[in-house]
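Enquirer: Can you read through this structure? Questions will come right after.
The values are calculated or read from the model by the stated rules, or taken from the named source; none is laboratory data. Not measured: the values here are computed from a predicted model. Cβ: placed from backbone, ideal geometry, glycine included. Neighbour counts: every protein chain shown. The area values use the complete protein model at the heavy-atom level, side chains included, leaving out ligands, DNA and RNA. Shrake-Rupley method; radii C 1.70, N 1.55, O 1.52, S 1.80 Å.
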Amino acid sequence: MPSPPTTPRSVRIKPQFPPAPKLGRAKLKSSSLDHELFLSSNSKQRTLQNNNSLEWQLLQQQSSLPLPRTGSTSSLASSSIQPLTANNYQEFKTEIINQGKCLCGQYIRARLRRAGMLNRKAVQRLRSILEPSSEVVFQVFPALNTMGEELERMHPRVYNNVARQLSRAPYGELEDSDTAPMLLNLVAKELFARHDKNRITWAKIISIFAVCGGFAIDCVRQGHYDYIQCLVDGVAEIVEDDLINWLAERDGWLGLQHHVRLRPKLHKPIEI
């Protein structure tokens, strides 16, 4: 009988698949569509950013102040629901200036007390300055006073007899009420020079208060009690002209409280 036919072992039958479709055009269309969507989304995002930046630029041109942080205790930051307008920026600016004047009056009184020159006439002149106090002044003044006292202790020649060092008049005589504020403004312009990289620091701000305290001692020593108010107004001008933007970016005067930590037992400041 004839044997049945056998399939050779070396021959393998490959399965037949349909040819793969050409995806070149489909891929090109998909990539181009994605590219168009990407460009359209970017264009929308850029228009939104341009509109937002334009609005902020207009708002900053009206107020000339940057956006303060929400951690501030001022009336602007205390109400987070309140919309940000140019009027709020102006109110925040006015608060910082008034708080600076009150801090200056507090520092002058403490400086006169340390020098043993706080008499009744000086207290009467300072009373009108110290009346509009606030919670911010109450919180910040201990750090300001302690740091200023430390500067006076470290550099007694700098912060004593200030009028004699800066004035050209004999024996440092303050001829009129504008002399001390003018000299204080010149010191501030030198400290906060535009070409200095770190032109504004808390140490320099405290140094201005210490120089102002030295001028106050000279005014009382020369019998010019009415010059104390002019000194406080001079510090307010320095804050408004040179420090307002820098302070607004650091929660106002409360930034000093975050920057300096006081030791309760040793009463020495620790700069953070």
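Enquirer: Once both labels are modelled 7 Å past Cα along the beta-carbon direction, what's the His258-Arg199 spacing in nm?
Expert: 2.3
Enquirer: Next up: If R0 is 22 Å, what FRET efficiency do you get for Glu150 and Arg113 from their C-beta distance, rounded to 0.05?
Expert: On the way: r = 16 Å, r/R0 = 0.75.
The calculated FRET efficiency here is 0.85.
Enquirer: For region 234-250, take each phi angle, set θ = phi - 60°, evaluate the Karplus expression 6.51 cos²θ - 1.76 cosθ + 1.60, and give the result in whole Hz per residue in order, putting x for glycine and proline.
Expert: Whole-Hz 3J(HN,Hα) from phi for region 234-250: x, 5, 5, 5, 5, 4, 6, 7, 10, 10, 5, 5, 5, 5, 5, 6, 10.
Enquirer: Along the charge dipole of region 89-262, which of Ile238, Met117, Ile205 sits closest to the positive end, that is, farthest toward it, with unit charges on the beta carbon of Lys, Arg, Asp and Glu (+1, +1, -1, -1)?
Expert: Towards the positive end, the residue furthest out is Met117.
Enquirer: What's the magnitude of the charge dipole for region 89-262 around its Cα centre, counting Lys and Arg as +1 and Asp and Glu as -1 at the beta-carbon? Answer in Debye, nearest 20. Intermediate values should be presented prior to the final figure.
Expert: Details: 22 positive and 22 negative charges, 142 e Å.
Computed charge dipole of region 89-262: roughly 680 debye.
Enquirer: List, in order, the whole-Hz ³J(HN,Hα) value for each residue of region 145-150 obtained from phi through the Karplus relation with A = 6.51, B = -1.76, C = 1.60 and θ = phi - 60°; use x for Gly and Pro.
Expert: 5, 5, 5, x, 5, 5
Enquirer: I would also like to ask the following. Per residue, how large is the accessible surface of region 89-262? Use a 1.4 angstrom probe and give square angstrom.
Expert: Values: 8610 Å² over 174 residues.
It amounts to 49 Å² per residue over region 89-262.
Enquirer: Enumerate the amide H contacts of Gln222 below 5 Å, restricted to partners 5 or more residues apart or on another chain; note that Pro and chain-start residues carry no placed amide H.
Expert: none
Enquirer: I want to verify the translational diffusion coefficient of region 89-262 in µm²/s; compute it with Stokes-Einstein, Rh as the Kirkwood radius over Cα pairs, at 37 °C and 0.692 mPa s. Walk me through the numbers on the way to the answer.
Expert: Values: Rh = 16.1 Å.
In µm²/s, the coefficient rounds to 203.
Enquirer: Count the lysine pairs in region 89-262 that are 8 or more places apart or on different chains: how many have C-alpha atoms under 18 angstrom apart?
Expert: Details: Lys93/Lys101; Lys101/Lys204; Lys189/Lys197; Lys189/Lys204.
Value for region 89-262: 4.
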